[in-house]
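Since the structure comes first, as structure tokens, the remarks are kept for the end.
The values are calculated or read from the model by the stated rules, or taken from the named source; none is laboratory data. Here the structure is a predicted model, which is why all the values come from computation and not from measurement. Cβ coordinates were reconstructed from backbone atoms using ideal geometry, including for glycine residues, and neighbour counts include every protein chain displayed. Remember, those area values only see protein heavy atoms, side chains included, never the ligands or the DNA or RNA. Shrake-Rupley method; radii C 1.70, N 1.55, O 1.52, S 1.80 Å.
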Amino acid sequence: MKLKSPELVWLNPKAPYSQEYTDRYYSEGSPEDECRHVYLAANGLPDRWIKSTEKRFLIAEIGFGFGLNFILSASLHTKLKIQKHLHYIAFEKSPPSAKQVKTFFSNFHELKKFSDTFLKKIPTPIRGCHRIHFSKNITLDLHYGDVQNEISDFSTNRLKISAWFIDGFSPKTNPSIWNNFVCTKISQLSNQETTLSSYSASGSFRRNLVSNGFDVKKATGYGRKRHMTVAKYTVNENHSKTNKNKNEAIESVAIIGAGIAGCAAALALTKRNIPVQLFESEDHETLTQNRISLFALRPRLYRDISPESQFYLHSYLYTVSQLNLYSQNEDIGWNKTGLIQLEGAMNKREKFSQEKYSSIYPSSIFNYMTNKQARELSKLDLSAGGLYFPDGGFVETAKLYNFYLGAKEIKKNYSTSVKSINYSNGKWTLYSTEQTEIAKSKTVIIANSHCLTQFNQTDFLPISTSHGYSNWLEAKSKSYEPTHVICGNKTIFPSTMCGENGNLVAATYEKSLTKSSKLKATKENVTGANQAFTGQYFLLDKNKDSEVGTRCGTPDRVPYIGRVPKYAHTKRELAHLRRDAKAEFNIADECFLPNLYISAGHGSNGLSTSSFGAEILASLINGDPVPVSKRHLSVICPSRIIIRSLKKQKI
């Protein structure tokens with residue numbers, strides 16, 4: 001999952017040289033002039049930005065390197081005040097480290113504003129897609145990993161690329177990105193408006209492009225290079241059914257549920273200027289009182305590399321980046337305190353293996369600490385060592401929810417219980433308990449896990465519910481106040497302005513809400529919290545306040561995020577999986593209900609998966625490229641329940 005940075009030799013301050021590929025990143029002369037000539041001018045930029053009537057322009061680059069092509073594109077796009085959104089998609093197998101990128105761009109003073117922004121947002125080097133909201137009108141999707149794997153698993157949400165920048169190392173030293181396989185993928189992601197350019201004029205590369213529908217020409221190269229490649233896609237295909245790039249306004253989206261998933265989705269949509277109608281059964285005051293005050297943020301760790309482990313890590317990284325971004329200008333309740341996860345909080349069925357985790361996750365995600373190191377960091381008498389997540393922390397939920405719902409494009413409908421939904425004439429109708437029409441909307445997001453069993457469109461999705469009891473405890477000595485989130489048998493939060501009652505300890509889960517279960521939970525919280533320390537009764541129960549929250553989860557502990565499938569139709573279309581569980585299959589568009597989406601069952605990692613899930617859903621609805629690969633979409637899509645049941649012959 002984690003990737004290595006390249007080993008470099010600097011021929012001069014602007015000329016990094018790859019030892020692995022025995023090739024330089026840029027030709028002799030001016031790297032910025034080379035990029036402008038080979039990629040911007042050769043693809044008709046900026047004129048195409050100005051003249052295009054579509055709402056976004058998609059550039060895809062193979063061989064991102066230090067990001068110079070992107071920085072120059074962003075700089076030009078911003079300088080000309082282009083209102084059309086620039087969505088830049090790039091593939092890179094060996095991303096340079098932040099230090100290497102900083103060294104390179106220190107020589108381009110005229111690009112400092114943009115390179116500094118990129119350096120602040122540069123992602124952790126792990127495989128997969130990293131979405132960077134570079135500015136209001138510029139989005140960067142960095143796909144880290146081998147291009148043949150990543151481009152095969154790449155989902156543009158049925159969009160087509162406007163311009164290709166092919167900028168990998170020489171075909172002689174890095175043939176894998178110039179072959180027919182990659183050119184075929186490029187062709188599949190192109191239409192008649194698509195152009196392509198490359199510094200390379202390799203004969204085999206040009207022939208591969210021609211065989212995949214491109215009209216290819218030689219053009220004058222940059223500097224000492226005589227020739228380069230320019231091309232335009234010419235195959236006449238009907239793309240009208242898949243064109244999501246028309247500059248058309250999207251109608252209001254109805255979101256059912258004002259929990260963290262619904263509120264995060266509302267924010268992601270309004271950032272795209274899509275109005276939202278939010279429906280919540282509770283009144284505002286009751287809803288506020290019933291929320292847990294604090295949420296911890298940490299990644300869910302796996303012992304093996306899998307689509308699930310990648311999804312959870314990307315969710316965590318995306319949420320950290322967003323919380324950091326939003327908290328720059330206002331108090332959204334984000335407290336980046338760092339988080340200490342004691343060994344006792346790891347998977348209890350298997351012995352903790354530092355080597356196993358370290359082989360999967362980069363050191364920037366966590367550091368292993370001995371008991372002594374944990375005590376020194378926390379300044380507390382902790383009972384064990386464990387993992388330290390420097391980017392972890394917690395949010396004060398009241399502030400975060402207020403931030404999420406602050407946009408004027410969100411119409412909030414409290415005390416409005418949606419009991420059923422029905423689709424007809426291109427719209428979803430929302431009904432009350434009395435079957436009175438509440439509202440109509442072309443697009444609906446179900447963001448309330450409790451609704452799954454009451455809606456006939458989602459009643460096939462299993463969901464479990466438990467009630468989490470949390471208690472405010474008081475430290476025995478004020479001089480030993482926790483300053484980090486500490487996760488042991490229970491999670492202990494630092495005290496906050498909203499927590500004048502002490503430290504929140506979460507949580508003990510029970511199936512029922514009774515007086516006896518509350519008393520039992522309080523006792524377990526006190527005992528479990530104090531097990532994090534060597535001294536007995538470090539945290540005391542002085543009859544402070546308690547809180548109760550509801551946690552909903554799925555059988556595989558992965559949330560439901562994506563389009564809602566038609567149960568009977570999908571079951572019929574994939575019936576062959578009952579006979580052969582290993583058979584290939586494809587879920588056609590007709591298998592899904594029109595414009596009905598879900599974000600539910602987030603469980604204990606809801607803070608991170610809700611935020612990332614909101615970005616995924618907003619991308620699907622707005623017609624943007626999706627910030628996850630197909631392998632990740634299949635893991636979180638609700639249709640997986642039908643597929644698994646068919647394979648196990650349960651339906």
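A few notes on this one:
- Screening GLY549 on (1) at pLDDT below 95; (2) touching a helix residue (DSSP H, G or I) at 6+ places or on another chain (Cβ under 9 Å); (3) surrounded by fewer than 18 Cβ atoms within 10 Å (Cβ to Cβ) shows it passes everything except condition (3).
- Residue match in region 150-162 (condition: open to solvent by 10 Å² or more (accessible area, probe 1.4 Å), modelled with pLDDT of 95 or more and under 24 Å from TYR25 (Cβ atoms)): no
- Screening LEU269 with (1) open to solvent by 40 Å² or more (accessible area, probe 1.4 Å); (2) at pLDDT 95 or above gives one miss only, at (1).
- Selection over region 1-41 of residues that are open to solvent by 20 Å² or more (accessible area, probe 1.4 Å), polar (S, T, N, Q) and closer than 23 Å to SER97 by Cβ gives a count of 4.
Quick grid of which residues meet (1) among the small types (Gly, Ala, Ser); (2) in a strand (DSSP E or B); (3) buried (at least 17 other Cβ atoms within 10 Å of the Cβ); (4) at pLDDT below 95:
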{"site": "SER73", "(1), (2), (3), (4)": "yes, no, yes, no"}
{"site": "PRO95", "(1), (2), (3), (4)": "no, no, yes, no"}
{"site": "LYS120", "(1), (2), (3), (4)": "no, no, no, no"}
{"site": "PRO123", "(1), (2), (3), (4)": "no, no, yes, no"}
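- Applying the criterion of being open to solvent by 20 Å² or more (accessible area, probe 1.4 Å), over 22 Å from the mean Cα position of the chain (by Cα) and among the hydrophobic types (A, V, I, L, M, F, W, C) to the residues of region 361-415, the residue that is nearest to PRO125 (Cα to Cα) is LEU377.
- Helices (runs of 4 or more DSSP H) wholly inside region 567-647 containing at least 2 residues that are open to solvent by less than 40 Å² (accessible area, probe 1.4 Å): 606-622, 630-636, 640-647
- Failed condition for LEU339, given (1) over 27 Å from LYS271 (Cα atoms); (2) surrounded by fewer than 21 Cβ atoms within 10 Å (Cβ to Cβ); (3) at pLDDT 95 or above: (2)
- Whichever residue in region 479-538 is aromatic (Phe, Trp, Tyr) and farther than 17 Å from SER383 by Cβ and, among such residues, is most open to solvent (accessible area, probe 1.4 Å): TYR509
- In region 441-487, the residues that are over 30 Å from PHE533 (Cα atoms), part of a strand (DSSP E or B) and under 24 Å from the mean Cα position of the chain (by Cα): THR443, VAL444, ILE445, ILE446
- Within region 1-71, strands (runs of 3 or more DSSP E) holding 1 or more residues that are in contact with a Gly (Cβ under 9 Å, 6 or more places away or on another chain) and in contact (Cβ under 8 Å) with a residue 12 or more places away in the chain: 15-18, 56-62
- Flag if GLU355 is open to solvent by 70 Å² or more (accessible area, probe 1.4 Å), closer than 27 Å to PRO123 by Cα and modelled with pLDDT under 95: yes
- If the condition is being at pLDDT 95 or above and either of a type in the set (A, V, I, L, M) or closer than 24 Å to LEU86 by Cα (or both), then region 251-266 contributes VAL253, ALA254, ILE255, ILE256, ALA258, ILE260, ALA261, ALA264, ALA265, ALA266.
- Selection status of GLY562, open to solvent by less than 30 Å² (accessible area, probe 1.4 Å), of a type outside the set (Val, Ile, Thr), assigned to a strand (DSSP E or B) and within 25 Å of ILE643 (Cβ to Cβ): yes
- Region 194-209: number of residues that are surrounded by 14 or more Cβ atoms within 10 Å (Cβ to Cβ), free of Cβ contacts under 8 Å to residues at least 40 places away in the same chain and not polar (S, T, N, Q): 4
- Residue list for region 97-108, filter: of a type outside the set (Phe, Trp, Tyr) and either buried (at least 18 other Cβ atoms within 10 Å of the Cβ) or part of a loop (DSSP other than H, G, I, E, B) (or both): SER97, VAL101, SER106, ASN107
- Residues satisfying the stated conditions in region 532-561, i.e. under 20 Å from the mean Cα position of the chain (by Cα) and among the hydrophobic types (A, V, I, L, M, F, W, C): VAL558, ILE561
- Single condition ASP331 does not satisfy, out of (1) touching a Lys or Arg at 6+ places or on another chain (Cβ under 7 Å); (2) modelled with pLDDT of 95 or more; (3) over 28 Å from THR508 (Cα atoms); (4) crowded, with 19+ Cβ neighbours inside 10 Å: (4)
One line per residue, one yes/no per condition, for (1) within 30 Å of TYR480 (Cβ to Cβ); (2) among the polar types (S, T, N, Q); (3) at pLDDT 95 or above:
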position	(1), (2), (3)
ASN543	yes, yes, no
THR554	no, yes, yes
ARG557	no, no, yes
GLY562	no, no, yes
ALA568	no, no, yes
ASP580	no, no, yes
